[in-house]
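The numbers here are math on the coordinates, done by the rules we state, and not lab data. Keep in mind it's a predicted model, so treat the numbers as computed, not measured. With ideal geometry, Cβ positions are generated from the backbone for all residues, glycine too; neighbour counts draw on all protein chains shown.
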Amino acid sequence: MTENPFFVPSALPYRLPPFAEIREEHYAPAFERGMAEQLAEAEAIAGSDDPPTFDDTVAALERSGQLLNRVSTVFFNQASSDTNPNVQAIQKDVTPKLTQHSDAIHLNRGLFARIQAISADGLDPEQKWLLQRYVTDFVRAGAELGPEDQKRLRSLNEELSTLSTQFEQNLLADTNASAIVVEDAAELDGLSEDSIMAAAETAKSRGLEGKYVITLVLPTGQPSLTELTNRDLRERIHRASVERGLRDNAELVVRIAELRAERAALLGYGSHAEYVVADQTAPGTRAVTEMLGKLTPAAVANAHREADELREQAGFDIAAWDWSFYAEKVREARYAIDSRQMRPYFELNRVLRDGVFHAAHELYGLDFTERPDLVGYHPEVRVFEVSDEDGSPLGLFLGDFYARASKRGGAWMNSLVKQSALEGTRPVVVNNLNIVKPPAGEPTLMTWDQVNTMFHEFGHALHGLFSAVQFPRFSGTAVPRDFVEYPSQVNEMWAVWPEVLANYARHHETGEPMPQDLVDRMLEAQKFNQGFATVEYLAATLLDWAWHTLDEKPTDPQEFEERALRNANVDLPLVPPRYRSTYFAHIWAGGYSAGYYSYIWSEILDADTVEWFKENGGLSRENGDTFRRELLSKGGSVDAMTAFRSFRGRDPRLEPLLERRGLL
């Protein structure tokens, strides 16, 4: 297949993948050739008779596998953002092959011996750190194990990759199948007009003309529960949410947890959690356990107090599907505010251009130019060229904001091209959200949570765009898992920064700014319901932790989940975990296994950094340049906490986080 577009580097600006030319039949041949090429490159490095040097071994490995990297980034982006049965079949086939490929490199004894033999003398700091990371990577991949143990490790890795793909595909299918069909518009009382129109449009797209379909988002809590007055419908939606995956994923999660525990033991660790944390910024599993233990009692106490308020508001003993609805009633009563008042001021294009992009311009001097001439991987994807203040090109930003049946739930950032001085590449990054698309011609009005998510994901994008490293291994967000959320969480602060908020929070019809009294009430309500928010997060985190510190194989995953939550003192029937085990995609298919704690761990750094910005004048170029130079540009080229201390001048403090979440 000589015309396969993956076989040569893209000729488009910034090496943007040539999506207009890529067809599904290109993937398998590109994967096959890409793996063969990289294995040949690795064998050539390992078989060299010359004494090993940094350039002919480590740098050569960094240069290897470029075809495989091109096809992998495009394919797995599509598998997440716009899948179909053909793509899913390719994913099932290629995922275990990629695992075998990775093992073939990392378990190559000759290659590992050459890496170990390289002297660090004369290397610059980034080269020394890369050499150290390569040794660590190979050891953690099993390079020091004996032949029989390596054989078992290969088998474990292959089965785990297969099961992870199966979990992801099961969840997408079940989430689509669990959407709630409503026959009568009267049942939708309370929903905004644009939400009802979107539900009708979704039904029409599924061949259910005249009906209404409420699709499910990834977390347990569903946005519609805040507004729907029909309690029976709220219960139907809630139950559909929490029962996802019970049929197809229950046995899978037990098997995945069991295999991860066996792999950790094979590599010399007491648990999968111990294996994961050994390569993070947290000093160990005890530190994570202690941190979670400090947060839990106050959060649970807050949630109980909030529940009492909601019962008083409702006048009866509420259930989990009532919490959001009556929390909104209490919020309205206490702050004279409700979510429907705010949505007209959060139109997607204005939030993006006059909010997210405006903050990045004021803080970092960036400019954004939409490039309709550059084609994305889906018709809804928008491409923007990003320039520094002096007009020099920085990279491309792709925005994919709407939900669709072919896209997995949640919100995330991907890198399509990584910045690397070694390869002469500039970054191409994409943000995915899951906002329900309105009917044609109608504005996309966002909830406050969606606005916050857009700022959050753009923080990841900035981390990728500002990367200024030599080696692709360190590019952008290639940092420890419990550090990666830190820059994105910091970027959330600009959503409520007065100058930024005033610039984008304008009525979509009149252009009038959000009234100051509404702004004040919205900001005052920020700490409202924090007991619930913290407990639902901690419950998911502690559930992740329980699955990955197993003492014995669970026989019943539901019973295991109930016992884990009970033992952690977060078994509140009114506050289910943000994700239950059978739809917890982050930990079974998303790279956050034994790492979901990283959101709160990163938030410690985030809250402390927000204090720094406020102490130093907030939204200014000087502050932005400092944060960019000392932290965002570094990627993984230095130790993560060293970068934080270089920026902050000291270790992080816990108090700002406790204050933010009302836990002092």
> For the pair S192 and D308, what calculated FRET efficiency results from E = 1/(1 + (r/R0)^6), where r is the Cβ-Cβ distance and R0 = 41 Å, to the nearest 0.05?
Replying inline: 0.90
>> Just to confirm my numbers, what's the Cα centroid distance between the stretch 64-125 and the stretch 569-599 in Å?
In response: 27
> Hey, what do the phi angles of the stretch 337-344 turn into as Karplus ³J(HN,Hα) couplings, whole Hz, using 6.51/-1.76/1.60 and θ = phi - 60°, x for Gly and Pro?
Replying inline: 8, 9, 4, 5, 5, 8, 4, x
> Given [x] 1.28; [y] 0.95; [z] 1.12, which label gives Cα Rg over 2.2 N^0.38 Å as computed from the coordinates?
Replying inline: [y]
> Taking the simple approach of a point 7 Å from Cα along Cα-to-Cβ for both L654 and Q132, what is their distance in nm?
Replying inline: 2.7
> For D367 and R621 in one chain, what is 0.36 nm times their gap in residues minus the Cα-Cα distance, to one decimal in nm?
Replying inline: 90.1 nm
> Which of the GluC sites (Glu not before Pro) found in the stretch 217-271 are in a DSSP loop and have at most 15 neighbouring Cβ atoms, other than their own, within 10 Å?
Replying inline: E243
> Where nothing but the Cβ of Lys and Arg (+1) and of Asp and Glu (-1) is charged, how large is the charge dipole of the stretch 178-242 around its Cα centre, in debye to the nearest 20?
Replying inline: 320
> Stretch R247-E290 to full length: gain in nm at 0.36 nm per residue minus the Cα-Cα span?
Replying inline: 12.0 nm
> So what J values fall out for the stretch 244-256 if you push phi through Karplus, 6.51 cos²θ - 1.76 cosθ + 1.60 with θ = phi - 60°, rounded to Hz, Gly and Pro as x?
Replying inline: 4, x, 4, 6, 9, 10, 4, 5, 4, 5, 4, 5, 4
> With labels modelled as points extended 7 Å from the Cα through the Cβ direction, what inter-label distance (nm, one decimal) is found for T229 paired with E262?
Replying inline: 5.7
> Over all Cα pairs of the stretch 178-242, how is the pair count split among 5 Å bins, expressed in % and running from 0 up to the last occupied bin?
Replying inline: 4, 19, 32, 27, 16, 2
>> Helix 85-106 against the longest principal axis of the chain: what's the angle in degrees, Cα atoms only, rounded to the nearest 10?
In response: 40
> Using alpha carbon centroids, what distance separates the stretch 257-336 and the stretch 368-428, in Å?
Replying inline: 33
> What are the chymotrypsin sites (Phe, Trp or Tyr not before Pro) within the stretch 272-353 that DSSP puts in a loop, where the Cβ has at most 13 other Cβ atoms within 10 Å?
Replying inline: F316
> Rounded to the nearest 0.05, what FRET efficiency do D49 and A421 have when you use their Cβ-Cβ distance and R0 = 41 Å?
Replying inline: 0.85
> Alpha carbon centre of the stretch 23-38 versus the stretch 435-504: separation in Å?
Replying inline: 32
> Lys/Arg Cβ at +1, Asp/Glu Cβ at -1, dipole of the chain taken about the Cα centre: which of V436, I118, A333 is farthest positive-ward?
Replying inline: I118
>> If I take R0 = 60 Å and measure r between the Cβ atoms of E148 and F316 in this structure, what FRET efficiency does the formula 1/(1 + (r/R0)^6) give, to the nearest 0.05?
In response: 0.45
>> For Cα pairs less than 8 Å apart in space and 6+ apart in sequence, what is the mean separation divided by the residue count of the stretch 5-144, i.e. the relative contact order in percent?
In response: 29
>> Please compute the modelled spin-label separation between S387 and A11, points set 7 Å along Cα→Cβ, answer in nm with one decimal.
In response: 2.5
> Of the listed peptides 408-414, 327-333, what is their order by residue-averaged count of other C-beta atoms within 10 Å, with the highest listed first?
Replying inline: 408-414, 327-333
>> Assuming 0.36 nm per residue, please report the length gained on full extension of the stretch A440 to T510 beyond their Cα-Cα distance.
In response: 23.2 nm
